[in-house]
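Every number here is computed from the coordinates shown, using simple stated rules; none is lab data. It should be emphasised that the depicted structure is a prediction, and the values quoted were computed from it without experimental measurement. Every residue, glycine as well, gets a Cβ built from its backbone with ideal geometry; the counts of neighbours run over all protein chains shown.
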Amino acid sequence: MRTTGTRSLILFILVLGFFTGLGVFLYGLVTEGGSWAVQPFNGHLYGSGTSAAEGRVLDRNDTVLAQTKDGKRVYNSDPATRRAMLHAVGDTRGYLSAGVQYNYRSELTGYNFITGLFSPTGKTNGSDIRLTLDSSLCRLAREKLNGRHGAAAVYNYKTGELLCMVSTPDFDPQNPPKDLDTDKTGKYSGAYLNKILSSSFTPGSIFKVVTSAAAIENIPDLDSRTWNCNGSVTVNGNKITDMYAYGRLSFKNALAKSSNVAFAQIAIEVGADKMQAEANQMGFNRTFLLDGIPSGKSVYSVKSAKPNELGWSGVGQYTDLANPYHMLVLMGAVANGGTPVTPYMIKSVTPSIGVPSEQGSAKTGSQLVRPDTASRLKDYMRYNVSHEYGDSLFPGLAVCAKTGTAEVGGGKNPTCWMVGFSSNDSTPLAFVTLVEDSSTGSVASAGRIASALMTAAAKIS
Amino acid sequence: MDLSSLSSDFISVLLFAFRIAVPILCAVVACRCFTSMRLGKRREEPVVVLEDMATHKVIPVLYWENSLGRSRSCDVVLQDPTASRAHAVLMRRESGWLITDTNSKAGTFVNGKKVKEKAPVLPGDVIAMGSTALMLKRTSEVAALPPQPPTRRAAPPSGLMATVMLTQILLGLQLCLASGKISAAPLVPLGILMLVEWALYLYSIKILHHVSFELETIAFLLCGIGLAMQAGTNLKNTYTQLAAIVIGVLFFRFMIWFLGDMDRVMRWRVKIGILAVLLFAANLLLARERNGARNWIVLGPVTVQPSEFIKIAFIIVGTSTLDRLQTYKNLTGFIGFSAICMGALFFMRDFGSACIFFVTFLIIAFMRSGSVRTISLACAVAGFGAFLILKIKPYVAQRFDVWRHVWEHPGDAGYQQVRVLSYAASGGLFGVGLGKGCLKSVFASTSDLAFGMLCEEMGLVLAVTVILILAFLALYARSDATRSRSTLYSISACAAGGLLLFQACLNVFGATDVLPMTGVTLPFVSLGGSSMVAVWGLLAFIKASDERTYAARRRRR
């Protein structure tokens, strides 16, 4: 009998297993209950006669972008606004994982661990979320992208307010197209992605901003040096080419003309280690946050690059990738003396009862550029606009900028970029615009969008 | 009556308060029941003593069944090289003390007469084994031992039953007010359940003069919660469930009676085993596939799931009294029977039940043999079998593909699990209210997904309380193992407790994606006729292992 009693201890293994399982479940519930609860299929949120309803999403001018009416999520009445704001606001099914509705679903639904989605008083617990974005500016950006795939963003580099964030292709969150997931023609390819935050593209010549910073810091007689740019240069048997033969160019003009020949040689002269260090310092190979939503990474890695590859990396080709949100922050840093003000888009979260919380404010990020380097970059980039792209693009805004035309291969046209900022104290705006598969040059594509956005944005702030 | 005259806010807050009160009351009932069971347990004190005739050393006899022999694992260790390792078993039965020789070499003698099978032993009789002679004595005859203190009485169970009724009234009120209008319909099944409860209570305590009612109290508590959940989902199902509970209670009483006579159980064992195999055969021949498993037989208006009843047969076949354990150490017969059961379940594609049978098999096999080797071998064979099945029948593997990846399949293979998780979180600690959940529209919500339903409608606190009660039931069965009247009861109680807990684990963790989804019921709570009757039958094993269950009968004499 005693032996039987001892052997019955085998049940403890089962009990131990039970408590382990219970622990796993409860741990999941505590840490992820919010995202478990806030699912698009959850009848308490979107069904009829439910106990909780979601709060509203508003833009900076209190335009309602999304709200819940009679148990249904209803978006802005204007289809163009709905589509322009899609990637910032998000969709109902939660497929846009970088959207506010997905990342702030706990706040919107008022989920908490104690009462779940239930509200004992029967009133909604959901908070309203007010964004810093301007829906009309976003609509303008979408209009200017004009059906092309691309992205655009504008932010105030003094206050940190994100004014515009648009990504195309998009779709109408109110009436998602039937062929959204089945389409094979590519018209919706990347529609679920917020290209500003989540994607990374070959930077092309906008990377020359980084190479320039490395040159400023490592080549003492930079402004007195010249480069012979006669169309191409051969580095260990591999030809690095320019669009034209520019002749002998000073550094300033090499940047304005965007000479690959000059910048490839500069990158090689600076060397892989220092190029890598400069890129890392400027925010490559790491993630930036927008209200806690992580961005994709920009990539620069020349650890195992041959000299010709190092040359190509210096002009933004090779394996280089740039994340548009990172580029925006980098422009903010250069404009702001080397240290950026971190962008944010959540202006306030207002609960149904009580005072607004989580008021967004200007928060300084970590330094990306040395102050003296930033100041010299600013001058060179100003010269780009005044002497090369034309101030007529940005009348009265004293814009400093750099364009890029990145070769992507695969039979596609280049990705055209423009990154920059207004150096006026009254219009502290930084921008990034990009157009994929562009049949026109970077000024004509990305430049035009930037021009329209900056002119309109200057009237907001 | 329309409630618009009353403030709906007030009703909402009141119902929320009820939902906080119910788990607290449940926890109180469960705690009091388990404390009471612990207090009611006999202390480990000698029942009688054996006096060594040569040394006059007094050996206390602690259990109802005691193994005697040279082996150190025996309850009475004989320091005698001429005695066998497991020489004999001294047992207390209704008729008095008996001794059985368990195939010893030298034989066992009572007062000089050789024991064939069993022989009664009276105080003053001398038992001779090898060169040892022991005299059976009453404890009062030995001065060295202190007199037994009076057995502590358990707390009066009527108060606990009243608390159970109170929780059921609170659940009923929630149901009445759930729709926004006062409706008395849900009170009817709960009222009938209360009648059944008190009927069994009065029958057990007043007519049979039983002293304990804790296990029944706990079972009724869980049944009430389950019934309320059904009432909030589909009132029609409530009556099916209620009928199952009534049949279950009757079956429970029958099982208590049946288990009362160990000889009867041992006599019927083989017949029950054969019956179980035939039932499986009938199932395989008659059953039509339903929801991917062929485990249902339609008998006129009722559908029966034979595997539920075979669980009980399985435990009866597996368990044994100590004298038989010592005599027939071979597990082959039981292993063969288990293999047939599990094979049949695999053919029925009822993998959840197959797992439950396997775990029950492990518990019984280990408690009978104590052999880690047997257990390892069984696990290895089962693992190999499972591997083969996954290779040969890839659709089985599909069930496991989605495990821990349910969020990637919210529309197909992970449909049920993601909804359980989502709605469980939506309920918070105290739920959204009976009948107000959304999970109820998902397939098998009140059976396979019962835990999710509890979480959503009644809250996490109550849901966790329910499964903790099932865990404590298993622990109680274990702690009572040496106090039973026979190893027959200890083994069957541990097997039943383990089975109930493991089944609860599969249900809860399957639905919440901690384990792969198998589709078994949550004991006492889930909707299911056969399964409800069977869990009451399983509870009878635990009840029978409590020596107080059959104590009243002696008192009546």
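Excluding residues fewer than 8 places away in the same chain, name every one of the lysines whose C-alpha is closer than 16 Å to that of B:Lys137.
List returned: B:Lys57.
Could you size up the charge dipole of chain B around its Cα centre, putting +1 on the beta carbon of Lys and Arg and -1 on that of Asp and Glu, and report it in debye to the nearest 20?
1500
What is the average number of partner chain Cβ atoms found within 10 Å of a Cβ in B:427-436?
For this peptide, the per-residue mean of nearby foreign Cβ atoms is 5.
Using the number of other C-beta atoms within 10 angstrom as an exposure proxy, rank B:Asp52, B:Asp513 with the fewest first.
Going from sparsest to densest Cβ surroundings: B:Asp52, B:Asp513.
How far apart, in nanometres, would the label points at B:Leu299 and A:Thr6 be if each is projected 7 angstrom from Cα along the Cα-to-Cβ direction?
4.4
So how tilted is helix A:272-281 from the main axis of chain A? Cα-based, degrees 0 to 90, rounded to 10.
50
Segment A:432-458 to segment B:259-295: how many Å between their Cα centroids?
The distance from the Cα centre of segment A:432-458 to that of segment B:259-295 comes to 78 Å.
Could you let me know the centre-to-centre spacing of segment B:77-136 and segment A:57-105, using Cα atoms, in angstrom?
Here the answer is 85 Å between Cα centres.
Could you go through segment A:374-383 in sequence order and give the Karplus-derived ³J(HN,Hα) for each residue, using 6.51 cos²θ - 1.76 cosθ + 1.60 with θ = phi - 60°, rounded to whole Hz, and x for Gly and Pro?
Karplus-based 3J(HN,Hα) across segment A:374-383 equals 4, 5, 6, 4, 4, 4, 4, 6, 5, 4 Hz.
Rounded, prolate or oblate: pick one for the protein assembly as shown, where a ≥ b ≥ c are the square roots of the eigenvalues of its C-alpha gyration tensor, a/c under 1.5 means rounded, and failing that, prolate if a/b is larger than b/c, else oblate.
prolate
Specify the angular offset, from 0 to 90 degrees and rounded to the nearest 10, of the alpha carbon long axis of helix A:448-460 from the longest principal axis of the alpha carbons in chain A.
The answer is roughly 60 degrees.
Find the centroid of the Cα atoms in segment A:338-372 and in segment A:142-220, then give the distance between the two in whole Å.
Centre-to-centre distance over Cα atoms comes out at 21 Å.
For B:Lys440, which aspartates and glutamates qualify as cross-link partners when the Cα separation must be under 16 Å and same-chain residues fewer than eight apart are set aside?
Partners found: B:Asp448, B:Glu456, B:Glu457.
Can you give the mean number of other chain Cβ atoms that lie within 10 Å of the Cβ atoms in peptide A:324-337?
Average per residue, whole number: 0.
Fully extended, how many nm does the chain gain between A:Arg225 and A:Ser77 (0.36 nm per residue separation, minus their Cα-Cα distance)?
47.5 nm
Where Lys and Arg each count +1 and Asp and Glu each count -1, what net charge lies around A:Thr342 among other residues with Cβ under 13 Å from its Cβ?
For residues surrounding A:Thr342, the net value is 0.
Relative to the Cα centre, what is the charge dipole magnitude of chain A, using +1 at the beta carbon of each Lys and Arg, -1 at the beta carbon of each Asp and Glu, and rounding to the nearest 20 debye?
440
Return a whole-number percent for the relative contact order of chain A, with Cα pairs under 8 Å and 6 or more residues apart as the contact set.
Relative contact order, chain A: 15 percent.
Sorting A:Arg93, B:Arg70, B:Arg419 on the 10 Å Cβ count, fewest up front, what's the list?
Fewest to most other Cβ atoms nearby, the residues stand as A:Arg93, B:Arg70, B:Arg419.
May I ask for the net charge around B:Val418, where only other residues with Cβ less than 14 Å from the Cβ of B:Val418 are counted and Lys, Arg are +1 while Asp, Glu are -1?
Result for the local shell: -2.
Let me confirm one metric for peptide A:109-118, namely the mean number of other chain beta-carbon atoms within 10 Å of its residues' beta-carbons.
Rounded to a whole number, the mean comes out at 6.
Extension gain A:Thr241-A:Asn280, at 0.36 nm per residue separation less the Cα-Cα distance, in nm?
Gain in length upon complete extension: 11.4 nm.
How many percent of Cα pairs in segment A:271-392 exceed 19 Å?
Here the tail beyond 19 Å accounts for 59 percent of pairs.
Grab the beta carbon distance between B:Lys114 and A:Val24, set R0 = 60 Å, and tell me the FRET efficiency rounded to 0.05.
For R0 = 60 Å, the calculated efficiency reads 0.50.
Rounded, prolate or oblate: pick one for segment A:327-461, where a ≥ b ≥ c are the square roots of the eigenvalues of its C-alpha gyration tensor, a/c under 1.5 means rounded, and failing that, prolate if a/b is larger than b/c, else oblate.
The shape class here is prolate.
So the label point goes 7 Å from the Cα of A:Ile13 along Cα→C-beta, right? Which residues of segment B:479-499 then have their backbone N under 20 Å from it?
Label zone hits: B:479-482, B:490-499.
Neighbour counts of other C-beta atoms within 10 Å: give me B:Leu175, B:Leu362, A:Leu108, A:Leu29 arranged from fewest to most.
A:Leu29, B:Leu362, B:Leu175, A:Leu108
Set the Förster distance to 60 Å, then compute FRET efficiency between A:Thr339 and A:Lys178 from the Cβ-Cβ distance, nearest 0.05.
It comes out at approximately 0.80.
Averaging sequence separations of C-alpha pairs under 8 Å and six or more residues apart, then dividing by the length of chain B, give the relative contact order as a whole percent.
After rounding, I find 16 percent.
If you place +1 on the Cβ of every Lys and Arg and -1 on the Cβ of every Asp and Glu, how big does the dipole about the Cα centre of the protein assembly as shown come out, in debye to the nearest 20?
Result for the protein assembly as shown is approximately 3580 debye, rounded to the nearest 20.
Is there a pair in A:Lys257/A:Lys363; A:Lys297/A:Lys402; A:Lys208/A:Lys303; B:Lys116/B:Lys329; A:Lys347/A:Lys378 whose C-alpha atoms are over 25 Å apart, and which pairs would that be?
A:Lys257/A:Lys363; A:Lys347/A:Lys378
What nm distance separates the two modelled labels at B:Val126 and A:Tyr383, each placed 7 Å from Cα along Cα→Cβ?
12.2
Angle between the Cα long axis of helix B:262-286 and the longest principal axis of chain B, 0 to 90 degrees, nearest 10?
For helix B:262-286, the angle is close to 40 degrees.
For A:Thr342, list long-range residues whose amide hydrogen, built 1.01 Å from N in the peptide plane, is under 5 Å from its own amide hydrogen.
Amide H to amide H, under 5 Å and 5 or more residues apart or across chains, A:Thr342 pairs with A:Lys363, A:Thr364, A:Gly365.
Nearest 0.05, what FRET efficiency do A:Ser375 and A:Lys187 give at R0 = 51 Å with Cβ-Cβ as r?
Taking R0 as 51 Å, the efficiency between A:Ser375 and A:Lys187 is 0.70.
Can you order the peptides A:274-286, B:311-323, B:191-203, B:399-411 by their average number of other Cβ atoms within 10 Å per residue, highest first?
Highest mean packing first, the order is B:311-323, A:274-286, B:191-203, B:399-411.
Among B:Val302, B:Phe358, B:Gly318, which residue has its Cα furthest toward the positive end of the charge dipole of segment B:252-410, with +1 on Lys/Arg Cβ and -1 on Asp/Glu Cβ?
Value: B:Gly318.
When a/c is below 1.5 the answer is rounded, else prolate if a/b is larger than b/c, else oblate, so apply that to segment B:197-297 with a ≥ b ≥ c taken from the square roots of the Cα gyration tensor eigenvalues.
Note, shape of segment B:197-297 comes out oblate.
In chain B, with Lys and Arg counted as +1 and Asp and Glu as -1 at Cβ, which of these residues, B:Ile11, B:Trp536, B:Pro410, has the Cα nearest the positive end of the dipole, that is, farthest along it?
Of the listed residues, the answer is B:Trp536.
Take B:Asn330 and A:Ser357, extend 7 Å from each Cα along the Cα→Cβ direction, and tell me the distance between the two endpoints in nm.
7.1
State the answer as a single residue: which of A:Val235, A:Gly17, B:Val29 lies farthest towards the positive end of the charge dipole of the protein assembly as shown, with beta carbon charges of +1 for Lys and Arg and -1 for Asp and Glu, about the Cα centre.
It is B:Val29.
Could you name the aspartates and glutamates in cross-link range of A:Lys412, using Cα to Cα under 18 Å and dropping any fewer than eight places away on the same chain?
Hits, sequence-local ones excluded: A:Asp320, A:Glu436, A:Asp437.
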